[in-house]
Amino acid sequence: MPQRPEWLDWELELTGHIVARTVDRGSTEVELRAMIDDQRGWCKSHEPGRWILAAMLDGRRWEILVEPDFDDRVLVAVTACPVDDL
């Protein structure tokens, strides 16, 4: 796997959308933050400037869409979804 991007270590900012959707999908903000910290890989999204993180929670695979903000050096979490819900 390529070298870990520096933006994975930046402060995390959660959008209102991701907080609401994560709860709807059976997770918490704490679990979301843990999934991002313990992500298992990443790839570019089809949307420019966005990335998809692969994560696990309670034996389920999740994908978390993030957007690094290089000006403010924060990682913005946009949405998260269990893979079987895609």
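If you go through the range 67-80 one residue at a time, do you hit one that is assigned to a strand (DSSP E or B), surrounded by 12 or more Cβ atoms within 10 Å (Cβ to Cβ) and either at pLDDT below 90 or charged (D, E, K, R) (or both)?
Yes, the range 67-80 has at least one match.
Across the range 41-51, which residue is nearest to the chain's Cα centre (by Cα) among those that are part of a loop (DSSP other than H, G, I, E, B) and on the phi < 0 side of the Ramachandran plot?
50
Yes/no matrix, rows are residues, columns are (1) surrounded by 17 or more Cβ atoms within 10 Å (Cβ to Cβ); (2) in a strand (DSSP E or B):
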{"residue": "2", "(1), (2)": "no, no"}
{"residue": "13", "(1), (2)": "no, yes"}
{"residue": "17", "(1), (2)": "no, no"}
{"residue": "30", "(1), (2)": "no, no"}
{"residue": "35", "(1), (2)": "yes, no"}
{"residue": "39", "(1), (2)": "yes, no"}
{"residue": "53", "(1), (2)": "yes, yes"}
{"residue": "56", "(1), (2)": "no, yes"}
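The values are calculated or read from the model by the stated rules, or taken from the named source; none is laboratory data. It should be emphasised that the depicted structure is a prediction, and the values quoted were computed from it without experimental measurement. All Cβ positions, glycine included, derive from the backbone under ideal geometry; neighbour counts span all protein chains shown.
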